[in-house]
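**Student:** Got a structure here, written out as structure tokens. Questions coming.
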Amino acid sequence: MQHEGQWPNEITIICILKAYISTGALDKGIEIHELISREKTWEQNTQVCNALVDMYSKCNMLTKAQEVFDELLVRDIVSWTTLLSGYAQQGHGEEALQCFERMHCETTIMLNVVTLVCMLKASGSIGAINRGREIHSKIINGQLQGVLVGNALVDMYAKCGIVEKAQTEFNEIQCQNVVSWTALIAGYGHLGYDEMAIELFNKMIGEGVEPNAVTFSVVLNACSHSGLLDMGQLYFESMSKCYNIIPTS
């Protein structure tokens, strides 16, 4: 397209930034950022700048993502959620929660499911149970339901060590998937309830839900802690034989 002299528009820029994110071509993404900086109409375009924040966040350049975000003239829910998600995904739970508080103070933007799920993830990652409960109350008040939110609640309560509440939230999910089961199994395993974790794994299999690599990792840890060598070996072999999952390191 460039060789043929066609000038890109904002949609082109957003698409190519997403392509560079998926391939990890950060150097090419930085070149696009330089192009955006020279084109003032793009530099003031919220959607284009959101894509830049997303690129830097997913490439673990959070300082740069924050800089682009701070320079935005108009910030929408996507801008905030992209930055929040970046902090949460890269393990910076406290920074994500601080950003959430800033959004709450500076704007009247309506929260969406993606934002709340990111905040639950951040709360769980640092054991901030009070923050997690506050976010849970916002979900209840907003009547935001569904498997995505349910899974995030199970994961948050499990990581904060309140496995009874994680179990309650799990039971309320109408259509439990492998993420739901794995979050609950991991919660029991994390607290040392290895037999319960293995029992849940077998129940999941019995209900026709196929495990993924993360599920197997959790269950193998439970077998290790309980000294169940033979059972662990059987589970390990079943990964490739029954579920076509190639074990990673």
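The values are calculated or read from the model by the stated rules, or taken from the named source; none is laboratory data. It should be emphasised that the depicted structure is a prediction, and the values quoted were computed from it without experimental measurement. Quick reminder, even Gly has a Cβ in these numbers, built from the backbone with ideal geometry, and neighbours come from all protein chains shown. Please note that ligands, DNA and RNA were not included when accessible areas were found on the heavy atoms of the full protein model with its side chains. Shrake-Rupley method; radii C 1.70, N 1.55, O 1.52, S 1.80 Å.
**Student:** Determine, yes or no, whether ILE109 is of a type in the set (Val, Ile, Thr) and assigned to a helix (DSSP H, G or I).
**Tutor:** Numbers: of a type in the set (Val, Ile, Thr): yes; assigned to a helix (DSSP H, G or I): no.
Considered against the rule, which asks whether it is of a type in the set (Val, Ile, Thr) and assigned to a helix (DSSP H, G or I), ILE109 comes out as no.
**Student:** Sort out which residues of segment 206-249 are among the hydroxyl-bearing types (Ser, Thr, Tyr) and in a helix (DSSP H, G or I), and write them in order of number.
**Tutor:** Of segment 206-249, the ones among the hydroxyl-bearing types (Ser, Thr, Tyr) are 215, 217, 224, 226, 235, 238, 240, 243, 248-249.
Matches in segment 206-249: THR215, SER217, SER224, SER226, TYR235, SER238, SER240, TYR243.
**Student:** Let me ask something additional. Return only the number of the condition from (1) closer than 18 Å to GLY187 by Cα; (2) more than 17 Å from the chain's Cα centre (by Cα); (3) among the aliphatic types (A, V, I, L, M) that MET103 does not satisfy.
**Tutor:** MET103 satisfies every listed condition except (1).
**Student:** Could I ask something else about it? When you look at GLU134, is it over 28 Å from ASN171 (Cα atoms), of a type in the set (Asp, Glu), over 13 Å from the mean Cα position of the chain (by Cα) and open to solvent by 10 Å² or more (accessible area, probe 1.4 Å), yes or no?
**Tutor:** Working: over 28 Å from ASN171 (Cα atoms): no; of a type in the set (Asp, Glu): yes; over 13 Å from the mean Cα position of the chain (by Cα): yes; open to solvent by 10 Å² or more (accessible area, probe 1.4 Å): yes.
For GLU134, the condition - over 28 Å from ASN171 (Cα atoms), of a type in the set (Asp, Glu), over 13 Å from the mean Cα position of the chain (by Cα) and open to solvent by 10 Å² or more (accessible area, probe 1.4 Å) - is not met.
**Student:** Does GLY146 count as under 23 Å from ALA197 (Cβ atoms) and small (Gly, Ala, Ser)?
**Tutor:** Values: under 23 Å from ALA197 (Cβ atoms): no; small (Gly, Ala, Ser): yes.
For GLY146, the condition - under 23 Å from ALA197 (Cβ atoms) and small (Gly, Ala, Ser) - is not met.
**Student:** Given the conditions (1) farther than 23 Å from GLU95 by Cα; (2) open to solvent by 80 Å² or more (accessible area, probe 1.4 Å); (3) of a type in the set (Asp, Glu), report the number of the one that GLU169 does not fulfil.
**Tutor:** (2)
**Student:** Which of the numbered conditions does ILE32 fail, given that it passes all the others? Conditions: (1) crowded, with 19+ Cβ neighbours inside 10 Å; (2) under 29 Å from VAL149 (Cβ atoms).
**Tutor:** For ILE32, the failing item is (2).
**Student:** Among the residues of segment 31-42, is any within 21 Å of TRP80 (Cβ to Cβ), of a type in the set (S, T, N, Q) and touching an Asp or Glu at 6+ places or on another chain (Cβ under 7 Å)? Spell out how you get there, then give the answer.
**Tutor:** Restricting attention to segment 31-42, the residues satisfying the condition of being within 21 Å of TRP80 (Cβ to Cβ) are 33, 36, 42.
Then keep just the ones that are of a type in the set (S, T, N, Q); that gives none.
So far as segment 31-42 goes, no, none of its residues is within 21 Å of TRP80 (Cβ to Cβ), of a type in the set (S, T, N, Q) and touching an Asp or Glu at 6+ places or on another chain (Cβ under 7 Å).
**Student:** Do you know which residues across segment 89-98 are open to solvent by 10 Å² or more (accessible area, probe 1.4 Å), in a helix (DSSP H, G or I) and farther than 14 Å from VAL53 by Cα? Give the derivation first.
**Tutor:** Residues of segment 89-98 open to solvent by 10 Å² or more (accessible area, probe 1.4 Å): 89-92, 94-95, 98.
Narrowing the set further to residues that are in a helix (DSSP H, G or I) leaves 89, 94-95, 98.
GLU94, GLU95, GLN98 - these are the residues of segment 89-98 that are open to solvent by 10 Å² or more (accessible area, probe 1.4 Å), in a helix (DSSP H, G or I) and farther than 14 Å from VAL53 by Cα.
**Student:** I'm trying to understand the selection: among the residues of segment 118-153, which are in a loop (DSSP other than H, G, I, E, B) and either in contact (Cβ under 8 Å) with a residue 24 or more places away in the chain or hydroxyl-bearing (Ser, Thr, Tyr) (or both)?
**Tutor:** Initially, segment 118-153 is screened for residues in a loop (DSSP other than H, G, I, E, B), giving 126-128, 143-146.
Correct list: ILE126, GLY127, ALA128, LEU144, GLY146.
**Student:** Tally time: how many residues in segment 112-124 are under 13 Å from GLY86 (Cβ atoms) and open to solvent by 20 Å² or more (accessible area, probe 1.4 Å)?
**Tutor:** Counting residues in segment 112-124 that are under 13 Å from GLY86 (Cβ atoms) and open to solvent by 20 Å² or more (accessible area, probe 1.4 Å) gives 2.
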